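Laboratory data are not the source of any read-out in this text; all were calculated from the coordinates shown. Bear in mind that the values here come from a model prediction, so they are computed numbers and not experimental data. As a convention, Cβ positions derive from the backbone with ideal geometry for all residues, glycine included, and neighbour counts pool all protein chains shown.
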Amino acid sequence: MKKTYKALIFDIQSFSIQDGPGIRITVFLKGCPLQCSWCHNPEGIRFEQQQWVREQKTGKHIALKPLPVGKHMTTEEVMEEINKEVPFFDESGGGVTVSGGEPLSHEEFTFELLKKCKEQYIHTCVDTSGYARWKVFEKLLPVTDMFLYDLKIADPKEHLKHTGKDNTEILKNLYKLNKTGKEMTVRIPLVVTITDTQKNIEGLINILDKLEKPAPIELLPFHNIAKKKYKNLNKEYMFDNANNFPVKKAHEIQQVFLNHFENVSVRD
Ligand code: SF4
C-alpha cells in the first residue's frame, strides 16, 4: 500500500501575497531547528503539539480557553484545501508556498505535497531558513519552482547567539542552491541592533557578492505583530516593547544594498 505522510500544520493561509509570486496559499509546518529571538511564528518552532490560550468573547465576558496549536494532516487533506484556491492561482500566476517552521525538517511530507502540486501544474515555493542537509534540497529540487531563502546574520557566532545555530550549513546550501540555477529570492529580516548593524549589512553583502547568479533580495522589516502569540504561549519575548522597524531606516539599508545589487525591495 502506498505510504501517505502526515505533518503538524499550524496554519494554512489563503490569499497570501507575500510568500512568492501571485496569489498563493501558504502552508505552515510546525517545527523549526532554529530559534530566532524575533520569530513572528513562535507557535511554529516546537515540533510537537502545544497548547496555547486564546481569548473567547461571550457578550462582555472574556474567557481564556486552552486550545491546541497544530493539527495533524495528510498531504491529501492539505491538497483538498489547496484545490479550493486553484482558480486564484491561474488568474494571478500564484501557487503554493510551504513555510513554517522549517519545511525542510519535514522532508517526506514537503516532497509528497509539492509533488502532488506539480502533478497538477501548480507553481511551488519553499520558504526556508536554509538549515538542512543538502540531500534534502536535492530531493526537493525537481518539485520546487522557487525558493525563498532567509539570510539573517553574517557572523557565525552572532548567528548562533541569536538563532541557536551557526550559519555554516546555511551558507554552504545557499551557494550550492544558487549554482543549480533554481529561481530564488533571498529574504533578509531587518531587526534593530541584531541584523541592521553596519557590520552585519557589510557581511551579508560580502556573502551575496559571491553568488554566481545574482538573486533578488527582499528586506523584511521587523513588525511587532507576534507579541500576543508569545503571551498566549506563555513564552518570553525579548521584543515585547519593541517598535516596528523604522521605514526610513529600511529604505536607507535598501539603498546600501542597491549600491551592490540590482534587485532589492523592501516589504511594506
Ligand atoms: S527560522 Fe524562521 S520559523 Fe524558524 S525560528 Fe527563525 S524566524 Fe522562526
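So the values come out like this:
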read-out: Relative contact order (%) - region 6-266, alpha-carbon pairs under 8 angstrom, separation at least six; value: 17 percent
read-out: Rounded to 5, percent antiparallel among DSSP beta bridges of the chain; value: 40 percent
read-out: Residue among Thr163, Thr197, Tyr121 farthest towards the positive dipole end of the chain, charges placed on Cβ; value: Thr163
read-out: Calculated over region 139-254: convex hull of Cα atoms, volume per residue (Å³); value: 132 Å³
read-out: Longest exposed-site-free window of the chain, the sites being trypsin sites (Lys or Arg not before Pro) in a DSSP loop that have at most 13 other C-beta atoms within 10 Å; value: 134-209
read-out: Cβ-placed point charges (K, R +1; D, E -1), dipole of region 6-266 about Cα centre in debye, nearest 20; value: 780 debye
read-out: Inter-site label distance for Ser14 and Lys84 at 7 Å from Cα along Cβ, in nm; value: 0.5 nm
read-out: Of Lys30/Lys118; Lys157/Lys248; Lys3/Lys116; Lys65/Lys235, those spanning more than 20 Å from alpha-carbon to alpha-carbon; value: Lys30/Lys118; Lys157/Lys248
read-out: P(r), alpha carbons of the chain - 10 Å bins starting at zero, rounded %; value: 7, 28, 36, 23, 6, 1
read-out: Residue among Asn244, Asn234, Asn167 with the largest mean-square fluctuation in a Gaussian network model of the chain, springs linking Cα atoms under 10 Å; value: Asn234
read-out: MRE, 222 nm, helices only [DSSP H, n ≥ 4, -39500 (n - 2.57), over the chain, to nearest 500]; value: -9500 deg cm²/dmol
read-out: Candidates Glu107, Glu158, Glu252, ranked by Gaussian network fluctuation over the chain, Cα under 10 Å, top entry; value: Glu252
read-out: Two-decimal ratio, region 25-179, of alpha-carbon radius of gyration to 2.2 N^0.38 Å; value: 1.17
read-out: Mean projected area in nm² (Cα convex hull; one quarter of hull surface) for region 119-185; value: 4.6 nm²
